[in-house]
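Derivation of every value follows stated rules applied to the coordinates shown; laboratory data play no part. Since this is a predicted model, take the numbers as computed values, not measurements. Here the Cβ positions follow ideal geometry from the backbone for every residue, glycine too, while neighbour counts run over all protein chains shown.
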């Protein structure tokens, strides 16, 4: 997309050029280019300063579940701001966060009934990892601190969560706390080769077991994994993968953390995807994004009562769980989350995703016939279309990334925002999307891929 400054740029654009430092900023162009300025959103659509309309293909950043312009959320935010805008979580509680905790606990699997609120996804995962430190220290196991994660996973931008994120593109010029982190293979089917899915799964499980043996079970605190690797390219593991890994964790007293920052709150047609979609009941689930549909920042985690029973009450050994944030359980964010859950329930969005997700998968699968497409994969309303310039090759090179860059530009010019990741076009639209809007989205993407293929030959 064109990020150059226009002569009639809005004051906001000029202010951004002079003063904003953005995520993933290309430092050689700092102060010379600025990203497109959005002015408002309605439903599944975004609008820029010229009035052009775009389908929000990535739902912001996997988060605008109920779409834009919902009066219910705006009213809940305004009402709570006037009633109680803030309370210190260190000394007091508020009604909205207490109600929200109880309501989330009704939706979580197993005994994950204790909820801790954070400021977003990164701090949710960071808190989960800090909890494993606290847990093992209270139990008198200070050496049990290693964390096993997967290549191409993504878990956040704090020092520890960034170190757990196996996307190497996030690493240059940052220091990675790799003394505590051990990476294992992504369950990406491109690594499967000629093996059957069952054989591939068995090899992945054996790699996990051998990694634990190598480190020492008494030193491994946690396994951290997304149900599917979202920013890693919508990588969907073989059926039964998570249950097999969880069983091994249980045998070694390793905490299984399911990072559902992307997949929770309806994205896969369920409140939480771990159990009903991917067949596993974790020890901890982290969440954010869809919790408030992006209207205000908030995240959190649900923790197993079984874990907490080992370090609370008479077993607490005088400990305090001192991890926390100024905005933990923020009343306005909690009110927004409650209203968001009301919309999801009242509009029947979970059932809608289960139904319309089938059509979404069919339409994206139709792109697989194009010669420049290597793979298409979907789960609920998450999809990935992977581009390749040389049919038969399974690993991306720079030419594939250039092709995808052109696809991204052409989509934007034609009214569709996609999320380009290397050679992949990722889509995760608002859960309110209908069949007609899916058609519009997929038609634009098809035409962009075809024209980009011609343009880059």
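Computed over the chain, the per-residue total of -39500 (n - 2.57) for DSSP H runs of n ≥ 4 gives a 222 nm mean residue ellipticity of -12000 deg cm²/dmol, rounded to 500. Ordered by the number of other Cβ atoms lying within 10 Å of each residue's own Cβ, fewest first, 344, 373 fall into the sequence 373, 344. Spatially, the range 361-413 and the range 192-211 are offset by 26 Å when compared through their Cα centroids.
A Cα-only calculation for the range 182-235 places Rg and Dmax at 12.5, 36 Å.
Post the alpha-carbon centroid distance, the range 145-182 to the range 61-137, in whole angstrom. That distance is 25 Å. For residue 37 and residue 78, FRET efficiency with R0 = 22 Å and r from the beta-carbon atoms, rounded to 0.05? The value I calculate is 0.30.
At R0 = 22 Å, how high is the FRET efficiency between residue 439 and residue 71 if r is their beta carbon distance? Nearest 0.05 is fine.
With R0 = 22 Å, the Cβ-Cβ based efficiency is 0.20.
Sort 372, 210 so that the residue with the fewest other Cβ atoms within 10 Å of its own Cβ comes first and the one with the most comes last.
Final ranking by Cβ density, sparse to dense: 210, 372.
Cβ crowding within 10 Å ranks 270, 413 as 413, 270, fewest other Cβ atoms first.
Using a simple spin-label model with pseudo-atoms 7 Å out from Cα toward Cβ, residue 53 and residue 326 lie 4.0 nm apart.
Rounded to 0.05, the FRET efficiency of the residue 92 and residue 130 pair, given R0 = 22 Å and the Cβ-Cβ distance, is 0.45.
In percent, what relative contact order does the range 11-92 have, based on Cα pairs under 8 Å that are 6 or more apart in sequence?
Values: 54 pairs, mean separation 14.2, N = 82.
Result for the range 11-92 is 17 percent.
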